[in-house]
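Below: one structure, written as structure tokens.
The values are calculated or read from the model by the stated rules, or taken from the named source; none is laboratory data. Being a predicted model, the structure only gives us computed values, none of them experimental. Neighbour counts are summed over all protein chains in view; Cβ atoms, including those assigned to glycine, are modelled from backbone coordinates with ideal geometry.
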Amino acid sequence: MESTIKELINKALRECFDMAEVAFAVERPKELTHGDYATNVALVISKTLAKNLNSGTQDIAATLVGYINDNKPPEIADVSIAGPGFINFSLSKEFFNMQLNMMLEQKNTSPITWEEKRVMVEYTDPNPFKPFHIGHLMTNAIGESIARIITASGGEVIRANYQGDVGLHVAKAIWGIQQQSSWVTEKQYAPKSLLSKNNPTYLAQYIGDCYVFGSEKYDSDEGVKKEIDIINKKIYEKDDDDINAIYVWGREATLEAFETIYRTLGTTFDYYFFESDMAIKGRALVERFFEKGVFVKSDGAIVFKAEEYNPKLHTRVFITSNDLPTYETKELGLTETKFEKETLDQSIVITAVEQKDYMAVATEAMRQIHPEYAEKMKHITHGMMRFAAGKMSSRKGNVITGESLLNDAQVMALEKMKERAMDESVREGAASVIGVAAIKYAILRQALGGDIIYDPEQSVSFDGDSGPYLQYSTTRARSVIAKATELGIVASTKITPPAIYEIEKILCRFEETVEHAAKTLEPHHIATFLIDLASRFNSFYANEIIADPDDMYAPYKLALTKAFAQTMTNGLYLLGISVPEKM
RNA sequence: GCACCUAUGGUGAAAUGGAUAUCACAACGGUCUUCGGAACCGUCGUUUCAGGUUCGAGUCCUGAUAGGUGCACCA
């Protein structure tokens, strides 16, 4: 439709003013009262035309509107001038009727942004031996949504998860386990509620606490620091049986706990990459390109001087003076692995913003090694989840684990549903899905980049701008559909009410909202759209009786309700949120 | 110190350079309790400061102020 209008305006410009090749915009006005499309053509050309024609913006707009009115296609019902000279287009009832029919038949306009593109999306990236904290929850929610949006826009997505199974943090955890320290073993790991009764995260929590203990001692005790550094070296060398045994046991236990969380969150991965493998590959790359002069020795370490290629970057260590590969080196190995395993048009990595500079340096190093890969690397960063006081960190004690956050939200949902008559298993299933929605929506409703202030009160509150509000609106719509069907009403667009409802105008914008989100890789556009859509439906619902067999417009209203429920379900899916049958 | 990011009602957020800056929470007042009230309607109140570009700036540029992140052997 947008291109139709553009063509029409271009024709008008040629006919009325003998102009061609003018850059102007045809956009969706924010206010529905400003029509379905609007253009700033008159404002854009008035400066050059006004002198010659001795007329103002309003006159120019009037001339164009006159021409358009005489030549407009049937989809356009009305054209008018508004404000400082905008031309607003209102589409006809027939147009919306047709759109509604297409939605009911599930015919989507073809997505284009990622068509025929193969994209790997790496996200979540928790580390074995460390707690799965709410930062991982955040990365996961964003990554899953971006993956789904790219798929909806025609792309083929390969999901990857990169987990740090070697490194200093592992040494700290193993040292902590070796101590069997009383403060760790005496801690209670009893499940907090029924929801976590069969949750196998018990061991992971124990190991996480051992890690925190080891980490604190590492910073405060020189002797312990030395012991842990030795363990770190031994992990890479794999020649100490005791350490190997703890390592294998701890790695499996934490990975299994992560799988439990992934199931709750609705994520599956095609590839699991591990730092232990990437370290070997990365080291080989660094050594090869050390000989070519890309990497140099400095203070006993092997470094990459990124500032020589880009003044905004800085030097980073790739192989330590202890001869251990750093995260940077592993990143090189990881990137090469990704491109060797899959033919990719784009490789996207999602992490917290703290990794930004580090990733820029790693990418610059990659540009010297495989420039064709570096071209396709894209790093998307997000802000951090914060407490009211201070930053989330699993290195310190003040960590909120992903499990506990999910658990709190689910308990809250259960509490809200206790009045509803339904089976216990159904209730618990719904509570789980609602809790996930509360957290995911809190993360995805705002633009990436900014921090999210984690407020337990607000995050589990289900009022207004929240995931559960969206789910509730959808289940309520489904419930009316069931009621109407029971009454023998069949959805149809044959008999149309005299006015066009706002809800149908908004529904038509779903596809373009998805494309916008796909282009910018910003899920929050969809979240914003869904809130607007849901609140308009709730208005519609409050003002109109849908399931009324005596109402000649009931089939039309039912059709709208069906389209709404379908669109909400699709939109929520793109946010990684599913809708419970009942709630 | 250098680099990057951020600054929008009391609070949390939205807004491809467009029109009267949108939404939620909170507060206050109502609907109604008849298709599921986790609802609906109304009132209140906002672009950090100083310049600049533009027909038009929350958005772009310059400077200031405030906050955040990163800056070599952690990941």
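So in segment A:414-432, with the set limited to residues that are surrounded by 14 or more Cβ atoms within 10 Å (Cβ to Cβ) and more than 10 Å from RNA strand B (Cβ to nearest atom), which one is farthest from A:Met385 (Cα to Cα)?
A:Val426
Can you name the residue in segment A:270-299 that is touching a helix residue (DSSP H, G or I) at 6+ places or on another chain (Cβ under 6 Å) and of a type in the set (Gly, Ala, Ser) and, of all such residues, is farthest from RNA strand B (Cβ to nearest atom)?
Per the stated criteria, the residue is A:Gly282.
Can you tell me which residue in segment A:22-46 is farthest from A:Ser110 (Cα to Cα), limited to those that are touching a helix residue (DSSP H, G or I) at 6+ places or on another chain (Cβ under 9 Å) and of a type outside the set (A, V, I, L, M, F, W, C)?
Selected residue: A:Ser46.
Restricting to segment A:114-136, give me the number of residues that are within 16 Å of RNA strand B (Cβ to nearest atom), more than 19 Å from the chain's Cα centre (by Cα) and under 24 Å from A:Glu336 (Cα atoms).
Going through segment A:114-136 one residue at a time, the tally reaches 2.
Please go through segment A:39-69 and give me each residue that is over 17 Å from A:Arg14 (Cα atoms) and either modelled with pLDDT of 90 or more or not in a helix (DSSP H, G or I) (or both), ordered by number.
A:Asn54, A:Ser55, A:Gly56 - these are the residues of segment A:39-69 that are over 17 Å from A:Arg14 (Cα atoms) and either modelled with pLDDT of 90 or more or not in a helix (DSSP H, G or I) (or both).
Within segment A:478-493, is even one residue surrounded by 17 or more Cβ atoms within 10 Å (Cβ to Cβ) and closer than 19 Å to A:Ile577 by Cα?
Within segment A:478-493, one or more residues are surrounded by 17 or more Cβ atoms within 10 Å (Cβ to Cβ) and closer than 19 Å to A:Ile577 by Cα.
Within segment A:213-223, is even one residue within 32 Å of the chain's Cα centre (by Cα) and crowded, with 19+ Cβ neighbours inside 10 Å?
yes
Looking at segment A:492-499, is at least one residue near RNA strand B (Cβ under 9 Å from one of its atoms) and either without any contact (Cβ under 8 Å) to a residue 12 or more places away in the chain or under 27 Å from A:Asp408 (Cα atoms) (or both)?
Checked against the condition, which is being near RNA strand B (Cβ under 9 Å from one of its atoms) and either without any contact (Cβ under 8 Å) to a residue 12 or more places away in the chain or under 27 Å from A:Asp408 (Cα atoms) (or both), segment A:492-499 yields no hits at all.
Restricting to segment A:502-522, name every residue that is more than 11 Å from RNA strand B (Cβ to nearest atom) and aliphatic (A, V, I, L, M).
Within segment A:502-522, A:Ile503, A:Ile506, A:Leu507, A:Val514, A:Ala518, A:Leu521 qualify.
Out of the residues in segment A:328-357 that are out of contact with any helix residue (DSSP H, G or I) (no Cβ under 7 Å at 6 or more places or on another chain) and modelled with pLDDT under 95, which is farthest from A:Phe304 (Cα to Cα)?
A:Val353
If a residue has to be more than 9 Å from RNA strand B (Cβ to nearest atom) and among the β-branched types (Val, Ile, Thr) to count, how many in segment A:300-336 make the cut?
1
Can you tell me which of (1) outside any loop (DSSP other than H, G, I, E, B); (2) not assigned by TED's automatic domain parsing to the domain that holds A:Glu419 is the one A:Glu581 doesn't meet?
Answer for A:Glu581: the failing condition is (1).
Against the conditions (1) in the same structural domain as A:Ser425 (by TED's automatic domain parsing); (2) buried (at least 20 other Cβ atoms within 10 Å of the Cβ); (3) modelled with pLDDT of 95 or more, where does A:Ile503 fall short? Just the number, please.
If we test A:Ile503 against (1) in the same structural domain as A:Ser425 (by TED's automatic domain parsing); (2) buried (at least 20 other Cβ atoms within 10 Å of the Cβ); (3) modelled with pLDDT of 95 or more, just (3) comes out false.
Tally time: how many residues in segment A:96-139 are outside any loop (DSSP other than H, G, I, E, B) and on the phi > 0 side of the Ramachandran plot?
0
Condition check ((1) in the same structural domain as A:Ile452 (by TED's automatic domain parsing); (2) at pLDDT 90 or above; (3) among the acidic types (Asp, Glu)) across all residues:
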{"position": "A:Phe86", "(1), (2), (3)": "no, yes, no"}
{"position": "A:Glu105", "(1), (2), (3)": "no, no, yes"}
{"position": "A:Asp125", "(1), (2), (3)": "no, yes, yes"}
{"position": "A:Ile142", "(1), (2), (3)": "no, yes, no"}
{"position": "A:Gln163", "(1), (2), (3)": "no, yes, no"}
{"position": "A:Ala173", "(1), (2), (3)": "no, yes, no"}
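For segment A:265-288, name all the residues that are buried (at least 18 other Cβ atoms within 10 Å of the Cβ) and not in a loop (DSSP other than H, G, I, E, B).
Of everything in segment A:265-288, those that are buried (at least 18 other Cβ atoms within 10 Å of the Cβ) and not in a loop (DSSP other than H, G, I, E, B) turn out to be A:Leu265, A:Phe273, A:Phe274, A:Glu275, A:Ser276, A:Met278, A:Ala279, A:Lys281, A:Gly282, A:Arg283, A:Leu285, A:Val286.
Can you name the number of the only condition in (1) surrounded by 21 or more Cβ atoms within 10 Å (Cβ to Cβ); (2) assigned to a loop (DSSP other than H, G, I, E, B); (3) at pLDDT 90 or above that A:Gly154 fails?
(1)
Looking at A:Tyr189, A:Tyr206, A:Tyr211, A:Tyr218 in this structure, which one is at pLDDT below 85 and assigned to a helix (DSSP H, G or I)?
Checking each option against the conditions leaves just A:Tyr206.
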